[in-house]
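Beneath this line is the structure, given in structure tokens, with notes to follow.
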Amino acid sequence: MLIGIVGLPNKGKSTLFNALTRGHAAVANYPFTTIDPNKGVAFLRVKCPCAPLGKQCSPRTGACNAGERDVPVNVVDVAGLVEGAHAGHGRGNQFLADLSQADALICVADASGGTDGGGNPAKGHDPAEDVRILESEIDYWFLDVIRRNLLKARGRNFSDFAACLSGIRVSEEVLRRVSARLGMTEEIATWKEEKQLLSLAQALRKETKPVAIAANKMDLPGASEGLARLKEAFPNYVVIPAAADAELALQKAKELGMADYDGKRMTIREGIPPKLADALHSIDEHVLKKGGTGVHEILNTVAFDLLRCVVAYPVEDEKHLSDHFGKVLPDAILLPPNSTAHQLAAAIHTDLATHFLYALNARTGMRISKDHVIADGDVIKIVSAK
């Protein structure tokens, strides 16, 4: 599972990425943790099954505080988007290649209207325009991918063409469903009309890369008006107010021992410099007491509301709910909806999937088949031949 963070210059995109991955960009054995500085691991927050099961968990990655469990998810800060990126402007194709494998996108907009489309200082800029530009760029990139692969696939069948789109997460099933909805036959040789191809590109983008909007910089003047504009312009989108800069400041204050912060509430410690105390008081009044920084809410919303993911807890000992070291509920694995026990095994290790025999639901003790669909919060033991 990969979530892309996208936006025009100077909207707070990298700040949001840093707030989500702070201290976790190089942990455990997850893809992207050391390959590239703009890729990392963030943590979702879910209710842990440890307390209801009467256990104290020992997370291998992240933590469990007051019954809230960290669940790792890969995120990528996609840099370099400018208007015309699909035509090669800015980082152009590199930007678009970076997001090709993303399952969903967080579009960061400057709700305060303090920066224009190029990231330059402005006053009263409409943040909805930022989102429109971004979606248009991705739509035209999809269109270009479709055009190029149609040329390659002339004389070949629908399935062959669908395979050419796998690089942007378009499966044959999705292509068939979307093209049928648009009244397009499976005779790809007839797919020539530009307007029709653009409609296909837009529909495929929405299907394979759903967007949530982070209305960032909510701690700045004018942000409330910008938030209202975004909600009016995108009534069918999730729009979440955020203050990524404030989240980073709170994390830093916690690191330096100046405050206690759990992602929701903050307590300032005694004896810190007055200016720093004033700054933290301001964040408390203008951000936390108005609903929080929104940073973790955005990530959870994308994973569970847009993508409808589930979290499973694999164990080796179903009686003690532990691994072979005795660690209780050591792993929390994010899975796509309708994932099976066999797919959970593959997410743990390919050997487990190859030699899969059956699985056990640790809560009920019931034996389940490889095709059993995993429910959110399931604690599962995989039994394999090796």
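Here are the numbers for this structure:
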{"item": "Only listed residue being closer than 25 Å to Val211 by Cβ and surrounded by 19 or more Cβ atoms within 10 Å (Cβ to Cβ), chosen from Val310, Val315", "result": "Val310"}
{"item": "Yes/no for His320 being without any contact (Cβ under 8 Å) to a residue 24 or more places away in the chain, under 30 Å from Met366 (Cα atoms) and out of contact with any helix residue (DSSP H, G or I) (no Cβ under 6 Å at 6 or more places or on another chain)", "result": "yes"}
{"item": "Flag if Leu250 is surrounded by 12 or more Cβ atoms within 10 Å (Cβ to Cβ), over 23 Å from Arg69 (Cβ atoms) and either in contact (Cβ under 8 Å) with a residue 24 or more places away in the chain or in the same structural domain as Phe43 (by TED's automatic domain parsing) (or both)", "result": "no"}
{"item": "Residue satisfying condition, being in a helix (DSSP H, G or I), in contact with a helix residue (DSSP H, G or I) (Cβ under 6 Å, 6 or more places away or on another chain) and not assigned by TED's automatic domain parsing to the domain that holds Lys209, within set Ile283, Ile298", "result": "Ile283"}
{"item": "Total residues in segment 48-79, condition under 16 Å from Asp378 (Cα atoms) and either out of contact with any strand residue (DSSP E or B) (no Cβ under 8 Å at 6 or more places or on another chain) or of a type in the set (Ser, Thr, Tyr) (or both)", "result": "3"}
{"item": "Test for Val131: is it part of a helix (DSSP H, G or I), closer than 19 Å to Val82 by Cβ and either of a type outside the set (S, T, N, Q) or at pLDDT 90 or above (or both)", "result": "yes"}
{"item": "Residues being within 20 Å of Lys209 (Cβ to Cβ) and in contact (Cβ under 8 Å) with a residue 40 or more places away in the chain - total across segment 146-192", "result": "5"}
{"item": "Single residue of Phe158, Phe142 found to be at pLDDT below 95, more than 22 Å from the chain's Cα centre (by Cα) and of a type in the set (Phe, Trp, Tyr)", "result": "Phe158"}
{"item": "Some residue of segment 255-276 being under 23 Å from Val75 (Cα atoms), assigned to a helix (DSSP H, G or I) and outside the structural domain of Pro221 (by TED's automatic domain parsing)", "result": "yes"}
{"item": "When residues of segment 27-82 are limited to those that are of a type in the set (Gly, Ala, Ser) and buried (at least 21 other Cβ atoms within 10 Å of the Cβ), the one modelled with the lowest pLDDT", "result": "Gly40"}
{"item": "Filtered residue count, segment 142-165, keeping only those that are in contact with a Phe, Trp or Tyr (Cβ under 7 Å, 6 or more places away or on another chain) and among the aliphatic types (A, V, I, L, M)", "result": "2"}
{"item": "Test: residue in segment 183-201 that is surrounded by 21 or more Cβ atoms within 10 Å (Cβ to Cβ) and in a strand (DSSP E or B)", "result": "no"}
{"item": "Residue match in segment 333-343 (condition: under 20 Å from Val41 (Cβ atoms), surrounded by fewer than 18 Cβ atoms within 10 Å (Cβ to Cβ), at pLDDT 95 or above and not hydroxyl-bearing (Ser, Thr, Tyr))", "result": "yes"}
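The values are calculated or read from the model by the stated rules, or taken from the named source; none is laboratory data. These figures come from a predicted structure and were not determined experimentally. Cβ coordinates were reconstructed from backbone atoms using ideal geometry, including for glycine residues, and neighbour counts include every protein chain displayed.
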